[in-house]
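**Student:** Take this structure, written in structure tokens, and hold onto it; I'll ask about it next.
Coordinate-derived values only; no laboratory data. Keep in mind the model is a prediction, meaning the values are calculated, not measured. Neighbour counts are summed over all protein chains in view; Cβ atoms, including those assigned to glycine, are modelled from backbone coordinates with ideal geometry.
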Amino acid sequence: MSEDAIRIEGLTKTYRGSHGQPEKQALKGIDLNVPRGSVFGLLGPNGAGKSTLINILAGLVTKTAGKVTIWGFDQDQNPRQSRAAIGVMPQELNLDPFFTPRAALEVQAGLYGVPRSQRWSDEILAMIGLTDKAEAYARTLSGGMRRRLLLGKALVHRPQVLVLDEPTAGVDIELRQMLWSNVRKLNAKGMTIILTTHYLEEAQEMCDQIAIINQGSVVARDSTANLLGRLDARAMVIQPDGPVSTLPQGPGIEAEARADGTLALRYHNRQTSAEDVLAAVRAAGIHIRDVRTEQADLEDVFLALTSSR
Ligand code: ADP
Ligand code: MG
């Protein structure tokens, strides 16, 4: 048995052009693995292909080529088992306005062939805070309640993998906190979580693994800790008070004399402190007229990796 919850190999998707639109290659040969038990963040700008990827996992979009394995089951060879292993909270609100939350959960459970004895609609309703609204029509629910119901629907068959497509885009803080606390609880019980989000801080906080995709390709894939390791790069830019004969030296410090007469000193915040850098500057006999710092954060690296080529 593979250790991966999801394994994706050479996945491509080309949408056929319609209404005079040219065809669109939304995924260009994606290779990706999602370890079991992880909270996996799929990041990328609008149009990167995140929803296409997720909808292929969900069986809502047919792939053009490639192989998708969910919980050890090949999507083409074992469509039923692979579908049973995954629950998806889609980006779009797609609820039947005439169903009550309880009915929506029961119908969904029926679609997945969950026997009545194994249904857990009451627990789900409690978890998503809709016990009071169990018998209200979906069309009378607020936007936030509908999103919570979408989460509930993704859980009816107790999938091993839960996928959330932009669950917190445009929702208020309270709902966001509720969603994240549910995600944490489900993950603590062993569920593998895959989510897309626009909020990089949120990805940083929630996810232990991150993939960044851009224009249909994976441009970074690492543990969050390693990505942040890349991100703690700092630069101190010094305007020396006079000509510089010796560049500052020190462990973890990379010095560069720039054409404008400034000195850029690159270092990693985790290993080297700003104090160490300043000490190295003084040791090189350099007097500082002015100093400023440049620092990369997740936003910068994200932009560097995803800006159009
Ligand atoms: P994301 O979720 O990262 O914003 P999408 O997967 O929704 O990206 O879209 C990826 C690309 O595929 C975009 O260029 C989008 O316009 C295009 N696309 C998405 N769905 C369709 C579709 N049904 N038909 C044609 N093109 C589509
Ligand atoms: Mg999307």
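**Student:** Full-extension gain between residue 228 and residue 60, please, as 0.36 nm times their residue separation minus the C-alpha to C-alpha distance.
**Tutor:** In short, 57.1 nm is gained.
**Student:** For the chain, build the charge dipole from Cβ charges (+1 Lys, Arg; -1 Asp, Glu) around the Cα centre, then report which of 177, 162, 196 sits farthest towards its positive end.
**Tutor:** After comparing all options, I get 162.
**Student:** Still on this structure, please answer the following. Any idea what the dipole of the chain comes to, in debye rounded to 20, about its Cα centre with Lys/Arg Cβ at +1 and Asp/Glu Cβ at -1?
**Tutor:** Its charge dipole is roughly 1100 debye.
**Student:** Working out 0.36 nm times the residue gap between residue 184 and residue 126, then minus their Cα-Cα distance, what length gain in nm do you get to one decimal?
**Tutor:** 19.3 nm
**Student:** Here's a follow-up. Suppose R0 equals 30 Å; then what is the FRET efficiency for residue 256 and residue 217 from their Cβ-Cβ distance, rounded to the nearest 0.05?
**Tutor:** FRET efficiency, residue 256 to residue 217: 0.45.
**Student:** Further, regarding this structure: Evaluate the distance, in nm, between pseudo-label points positioned 7 Å from the Cα of residue 67 and of residue 271 along their respective Cα→Cβ axes.
**Tutor:** 3.8 nm
**Student:** Could I ask something else about it? Each label point is 7 Å from the Cα along the Cα-to-Cβ direction; what then is the distance between the points at residue 18 and residue 134, in nm?
**Tutor:** That separation, rounded to one decimal, is 4.0 nm.
**Student:** Which FRET efficiency, nearest 0.05, do residue 116 and residue 94 yield, Cβ-Cβ r, R0 22 Å?
**Tutor:** Once the sixth-power term is evaluated, E becomes 0.35.
**Student:** Net charge near residue 75: determine it from the other residues with C-beta under 13 Å of the C-beta of residue 75, scoring Lys and Arg +1 and Asp and Glu -1.
**Tutor:** Every neighbour counted, the sum reads +2.
**Student:** Rounded to the nearest 0.05, what FRET efficiency is calculated for residue 173 and residue 80 with R0 set to 51 Å and r the Cβ-Cβ distance?
**Tutor:** Between residue 173 and residue 80 the formula returns 0.80.
**Student:** Taking the range 1-140 on its own, what percent of its Cα-Cα pair distances exceed 25 Å?
**Tutor:** In whole percent, the share of Cα-Cα pairs in the range 1-140 beyond 25 Å is 42.
**Student:** If the cut-off is 22 Å between C-alpha atoms, which lysines fall inside it for residue 13, apart from same-chain ones fewer than 8 positions away?
**Tutor:** Cross-link targets: 24, 28, 50, 63, 67.
**Student:** If you keep only loop residues by DSSP, which GluC sites (Glu not before Pro) in the range 85-151 have at most 10 other Cβ atoms within 10 Å of their Cβ?
**Tutor:** Passing both the DSSP loop test and the Cβ count: 92, 135.
**Student:** Another question about this same structure. Skipping prolines and chain starts, which residues have an amide H placed within reach, meaning under 5 Å, of the one on residue 220, given they are 5 or more residues away or on another chain?
**Tutor:** For residue 220, the qualifying residues are 212.
**Student:** Report the local net charge at residue 103: Lys and Arg +1, Asp and Glu -1, summed over other residues whose C-beta lies under 15 Å from its C-beta.
**Tutor:** Neighbourhood net charge equals +3.
**Student:** Here's something else I'd like to know. Please compute the net charge surrounding residue 237, taking Lys and Arg as +1 and Asp and Glu as -1 over other residues with Cβ under 15 Å from its Cβ.
**Tutor:** -1
**Student:** What ³J(HN,Hα) values, in whole Hz, does the Karplus curve 6.51 cos²θ - 1.76 cosθ + 1.60 give for the range 58-71 when θ = phi - 60°, with x put for Gly and Pro?
**Tutor:** 6, x, 8, 10, 8, 6, 7, 7, x, 10, 10, 10, 10, 6
**Student:** Straight distance only, please: which lysines reach the Cα of residue 189 with their own Cα at less than 21 Å, same-chain residues fewer than 8 apart left out?
**Tutor:** Once the sequence-local lysines are set aside, what remains near residue 189 is 153.
**Student:** Which loop-located chymotrypsin sites (Phe, Trp or Tyr not before Pro) does the range 55-107 contain, where loop means any DSSP state but H, G, I, E or B and the Cβ has at most 12 other Cβ atoms within 10 Å?
**Tutor:** Here the sparse-neighbourhood loop sites are 98.
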